[in-house]
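One structure is given here, and the rest of the page talks about it.
The values are calculated or read from the model by the stated rules, or taken from the named source; none is laboratory data. Please read all numbers here as calculations on a predicted model, not as lab measurements. FYI the Cβ positions are ideal-geometry reconstructions off the backbone, even for glycines, and counts take in every protein chain you see. Ligands, DNA and RNA are excluded from the accessible area calculation, which covers all protein heavy atoms including side chains. Shrake-Rupley method; radii C 1.70, N 1.55, O 1.52, S 1.80 Å.
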Amino acid sequence: MSKPFIALEIHDASLWDPARVLPLERTIKDWGYNALVLHQNDLLDCCTQLGLTANYGVADLRLKKVRNNAAWLDRLTRRLSRIGAELYLEIKEPSFHDYAVELYPDLLGPDGQTDPRQPVWATFCRAKVADLLERVPNIGGLIVTLASPESRVSLPDFLADRDEIDTGAWFDRMIAAFHEPLAAAGKTLYIRDFSYTADMQSDVLTAVARCKGAVGASVKITAHDYFPEFPENPAARQVDGPLIFEFEALGEHMGWGVIPNCRVAEFRDRMDGYRRYGANGVLMRTSWEAITGVNAMDSLSAVNVYALPKMILRDGDPAEVICGWLDETHGLTGDLAGTVADLLLRSWHIPAAAYWNGRVFPRHSCLPSTWQEGWLSMETSGMGRRDRDLSIDPEDPSLSETARVRLFDEKAAAVALARSLAKDAEGILRQLPEKLATQFAAFSWLPAFARQFELATKATFYAARGHASDLAQLAALRSDLLDLAEHLETKLAAAPDLPHHHGVLFDPMQIRRFTASLPGGSA
């Protein structure tokens with residue numbers, strides 16, 4: 001059996017900062033990783049340039065940036081090689097920076113808009129890969145997302161109001177544009193599935209299968225995103241070729257490390273699918289592009305980074321794995337380590353309880369801006385679609401009285417658990433090593449996190465059902481929400497040195513926006 005691919009991923013602007021990246025070399029070496037993945041949608045465009053354009057001044061300045069970016073990546077490959085690791089770039093394509101239009105005018109259609117059907121895209125992407133390989137010859141390979149709505153050239157958006165095209169042929173052409181120059185240089189290509197529709201997902205993974213093992217696939221552990229308690233990503237069943245499972249450590253949908261985000265028990269369960277599908281690697285995301293300069297290694301989320309490599313070859317008891325992390329990282333052992341492990345494992349239930357019967361009510365861990373937005377999020381598995389008309393069936397089983405009692409009891413239980421965990425964590429703070437004690441302050445935010453979602457889901461339930469008796473319940477909930485906003489405003493003001501993302505996750509104005517959206521509310 002070949003050695004599994006075990007990669008650490010940085011997915012925010014800190015990938016350009018040596019002071020943030022180079023310390024991860026020790027994590028990679030000591031914790032069992034063998035690759036570093038830098039993830040930025042236009043990363044390939046940032047470190048390549050295909051000639052000079054007519055606008056010499058702009059092109060020359062851009063070339064200096066490209067050369068410096070590539071020099072940093074090249075230095076990084078050499079540093080990683082010393083510890084037996086490789087560098088990969090994760091990108092979304094097709095993409096382009098504006099300078100390229102002068103050299104490749106056919107990138108734009110007659111209407112001045114990008115047209116992904118044009119064969120020039122394959123030529124352009126192939127040239128970019130060749131340029132990268134000249135500048136960063138020791139790179140391990142690429143992980144490429146094709147046809148994502150988040151790429152600058154979005155095939156799904158293009159097809160939304162146009163005739164269908166042969167997407168199978170399109171994927172074949174684009175995969176070849178990346179694979180052929182990489183294969184010639186002995187490099188690896190994984191095609192990443194990040195499709196918003198089942199048809200597009202099937203097309204790209206079928207195209208990977210046509211490569212007969214020469215190209216791999218990379219899929220998230222849950223469909224669309226890293227949603228807690230969601231079932232296994234069905235795309236894994238479609239992959240015919242080398243497979244990477246993608247995991248997430250920071251907590252994009254679990255509180256960003258501001259609150260505890262211990263996914264160790266979940267990872268243990270997810271590894272069953274890893275083995276069942278014969279996956280040959282894992283990728284652990286440690287940061288998220290929407291939050292600058294925040295990494296899982298800065299918080300209690302570091303336990304997730306430590307845990308995953310330990311579970312690849314064999315099952316590990318989650319509490320024992322956490323205790324191993326506490327010993328190696330903080331020198332904490334014995335009964336106190338067991339108490340900390342228990343608190344971390346139990347804290348998992350709080351961010352998961354922000355969901356509504358397993359449906360995505362939060363917006364990337366945050367409160368929705370309106371109750372309508374939260375309802376639409378649940379209907380679309382967290383995929384947004386704010387443009388959709390709100391349609392609520394009064395007979396929806398999720399709005400029955402039985403459902404109300406169950407939902408409200410679950411949210412009340414989550415608040416009670418959050419308060420208990422915060423109290424227990426506070427009780428042991430003075431016994432913990434200094435760094436761990438600082439990180440354990442995350443437990444103090446659990447009650448407010450659980451409380452805002454308890455109030456918001458209750459209010460949304462009443463607003464959605466809309467009975468006269470329901471609307472009468474909203475006055476008290478509005479008052480409670482506004483009291484919580486005031487409490488958080490005071491808590492944040494008392495700690496002005498907190499990282500900025502604390503104020504985003506617990507934004508008092510967001511609570512007030514949500515409250516104003518409720519029937520009978522005001523802006």
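What would the Debye formula give as log10 I(q)/I(0) at q = 0.10, 0.14, 0.15, 0.22 Å⁻¹ for the alpha-carbon point model of the range 400-484, no solvent?
-0.35, -0.58, -0.63, -0.99
How big is D for the range 2-107, in µm² s⁻¹ as a whole number, if Stokes-Einstein is applied with the Kirkwood radius of its Cα pairs at 10 °C and 1.306 mPa s?
104 µm²/s
Across 10 Å bins from 0, what is the distribution of all Cα-Cα pair distances for the range 173-243, in whole percents?
20, 50, 23, 6, 0
Would you mind checking the tilt of helix 120-135 against the longest principal axis of the Cα atoms of the chain, expressed as 0 to 90 degrees and rounded to 10?
The answer is roughly 90 degrees.
How large, in Å, is the range 349-499 by the Kirkwood hydrodynamic radius built from its alpha-carbon pairs?
By the Kirkwood definition, the hydrodynamic radius is 16.8 Å.
Could you give the angle, 0 to 90 degrees to the nearest 10, between helix 167-184's Cα long axis and the longest principal axis of the Cα atoms of the chain?
70 degrees
Against the longest principal axis of the chain, how steep is helix 264-276, in degrees 0 to 90 to the nearest 10, with axes from Cα atoms?
40 degrees
Remind me, what semi-axes does the chain give for its equivalent ellipsoid, largest first in whole Å, using sqrt of 5 times each Cα gyration tensor eigenvalue?
Value: 40, 30, 22 Å, ordered largest first.
Taking a label point 7 Å from the Cα of Tyr277 along the Cα→Cβ vector, which residues of the range 228-259 have an amide N closer than 18 Å to it?
228-249
Distance in nm between label sites at Asp483 and Ser81, each 7 Å beyond Cα in the beta-carbon direction?
6.4 nm
Just to be sure I understand: of the beta bridges DSSP finds with both ends in the chain, what percent are antiparallel, rounded to 5?
About 10 percent, rounded to the nearest 5.
Quick one: dipole size for the chain, taken about the Cα centre, charges +1 on Lys/Arg Cβ and -1 on Asp/Glu Cβ, in debye to the nearest 20.
1140 debye
Relative contact order of the chain: what whole-number percent is it, with Cα pairs under 8 angstrom and at least 6 residues apart?
Contact order relative to length: 12 percent.
At Arg117 and Asn55, where each label point lies 7 Å from the Cα along Cα→Cβ, what is the point-to-point distance in nanometres?
2.9 nm
Hey, which of these cross-link pairs are over 27 Å Cα-Cα: Lys220/Lys491; Lys411/Lys435; Lys92/Lys187; Lys187/Lys212?
Lys220/Lys491; Lys411/Lys435
Tell me the Kirkwood hydrodynamic radius of the range 78-232 in angstroms, computed as one over the mean inverse distance between distinct C-alpha pairs.
Over the range 78-232, the inverse of the mean reciprocal pair distance is 16.6 Å.
Where only protein heavy atoms count, and the probe is 1.4 Å, what is the accessible area per residue for the range 185-275 in Å²?
30 Å²
Report the accessible area of Arg419, computed with a 1.4 Å probe over the heavy atoms of all protein chains in place, in Å² rounded to the nearest 10.
Per-residue accessible area (Arg419): approximately 140 Å².
Rounded to the nearest 10 Å², what accessible area does Tyr190 have for a 1.4 Å probe in the complete protein model?
Estimated to the nearest 10 Å², Tyr190 gives 10 Å².
Evaluate the Debye formula for the range 186-311 with equal point scatterers sitting on the alpha carbons, no solvent, and hand back log10 of I(q)/I(0) at q = 0.13, 0.14, 0.16 Å⁻¹, in q order, two decimals.
Once normalised to I(0) and log-transformed, intensities are -0.54, -0.62, -0.79.
Computing the accessible area with a 1.4 Å probe over protein heavy atoms, can you report the carbon and sulfur percentage for the chain?
50 percent
Calculate the FRET efficiency for Ala476 and Glu401 from the Cβ-Cβ distance with a Förster distance of 22 Å, rounded to the nearest 0.05.
FRET efficiency, Ala476 to Glu401: 0.75.
Quick one: work out Rg over Rh on the C-alpha atoms of the range 336-376, Rh as Kirkwood radius.
My calculation of the ratio gives 1.20.
Select from Phe194, Asn295, Ile175 the residue farthest towards the positive end of the dipole of the chain; place +1 on Cβ of Lys and Arg, -1 on Cβ of Asp and Glu, and compute about the Cα centre.
Farthest towards the positive pole: Asn295.
Solvent-accessible area per residue for the range 305-366 at a 1.4 Å probe radius, Å²?
37 Å²
Under 5 Å between amide H atoms, partner at least 5 residues away or on a different chain: which partners does Trp356 have, H built in plane at 1.01 Å?
Long-range HN contacts for Trp356: Phe361.
Could you give the distance between the Cα centres of the range 439-494 and the range 36-72, to the whole Å?
First find each Cα centre; the distance between them is then 47 Å.
Looking at the chain, which longest stretch skips every one of the GluC sites (Glu not before Pro) that is in a DSSP loop with at most 16 other Cβ atoms within 10 Å, leaving the sites themselves out?
1-149
Along each of its three principal axes, how wide is the spread of alpha-carbon positions in the range 55-119, in whole angstrom units, largest first?
51, 30, 13
Multiplying the sequence separation of Glu434 and Glu379 by 0.36 nm and subtracting their Cα-Cα distance, what value in nm do you get?
Length difference between fully extended and current span is 15.4 nm.
Could you work out Rg/(2.2 N^0.38 Å) for the range 327-430, with Rg from alpha carbons only?
Its radius of gyration relative to the 2.2 N^0.38 Å reference: 1.43.
Could you tell me which residue out of Ala441, Ser469, Ala413 lies farthest along the dipole of the range 413-488 toward its positive end? Charges go on the beta carbon: Lys and Arg +1, Asp and Glu -1, centred on the Cα centre.
Ala413
For the range 248-325, what mean projected area does the convex hull of the alpha carbons give, in nm²?
If I average the Cα hull's projected area over directions, I get 5.2 nm².
Taking amide H positions as placed 1.01 Å from N in the peptide plane, with prolines and chain starts having none, which residues 5 or more places from Glu248, or on another chain, fall under 5 Å of its amide H?
Distant-sequence amide H within range of Glu248: Arg285.
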